[in-house]
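Quick one: the structure is below, and I'll ask about it shortly.
Just so it is clear, none of the values below were taken in a lab; they were calculated from the coordinates. This is a predicted model, so every value here is computed, not measured. Quick reminder, even Gly has a Cβ in these numbers, built from the backbone with ideal geometry, and neighbours come from all protein chains shown.
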Amino acid sequence: MIPAHVGAPGAVPLLQPHGMLAAGYCDLVIEAALKPHDFIALVPVIQGAGGRISDWNGAALNWDSGDRVVAAATPALWEQAVAALTGR
């Protein structure tokens, strides 16, 4: 289960959490208001760090993806997050 609100208090720069995930400082980032130009460059960074990133349905990100993105530090955690987001 994913709590209704998890995160750092105050303003956080738009993509800082994804950098923290790639560096090993957090395990999961769930976003609901990104544009393709915000997340396309994150794909090789997250994957290169051993994580997974996709839309909330688990589909690979591309220029036609919606604004909902989930990134996780491990494939197992990503699977759990996608399952929770989709109700599977």
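Using the number of other C-beta atoms within 10 angstrom as an exposure proxy, rank R52, R88 with the fewest first.
Taking fewest neighbouring Cβ atoms as first place, the list is R88, R52.
Kindly put V29, V45 in sequence by how many other C-beta atoms sit within 10 Å of each C-beta, fewest to most.
Least to most surrounded, the residues fall as V45, V29.
Quick one: 3J(HN,Hα) in Hz for segment 59-69, Karplus 6.51/-1.76/1.60 with θ = phi - 60°, rounded, Gly and Pro as x.
7, 4, 7, 8, 5, 9, 5, x, 9, 9, 10
Related question: Report the extension gain between N57 and A32 in nm, rounded to one decimal, defined as 0.36 nm multiplied by the number of residues separating them, less their alpha carbon distance.
Numbers: separation 25, 0.36 × 25 = 9.00 nm, distance 1.24 nm.
So the extension gain works out to 7.8 nm.
Taking neighbour counts of Cβ atoms within 10 Å as a proxy for exposure, in what order, fewest first, do E79, E31 appear?
With the sparsest Cβ surroundings first, the list reads E79, E31.
Next question. May I ask you to evaluate 6.51 cos²θ - 1.76 cosθ + 1.60, the Karplus curve with θ = phi - 60°, for each residue of segment 72-83 and list the ³J(HN,Hα) values in order in whole Hz, giving x for glycine and proline?
Here the 3J(HN,Hα) series is 9, 5, 9, x, 5, 5, 4, 4, 5, 5, 4, 4 Hz.
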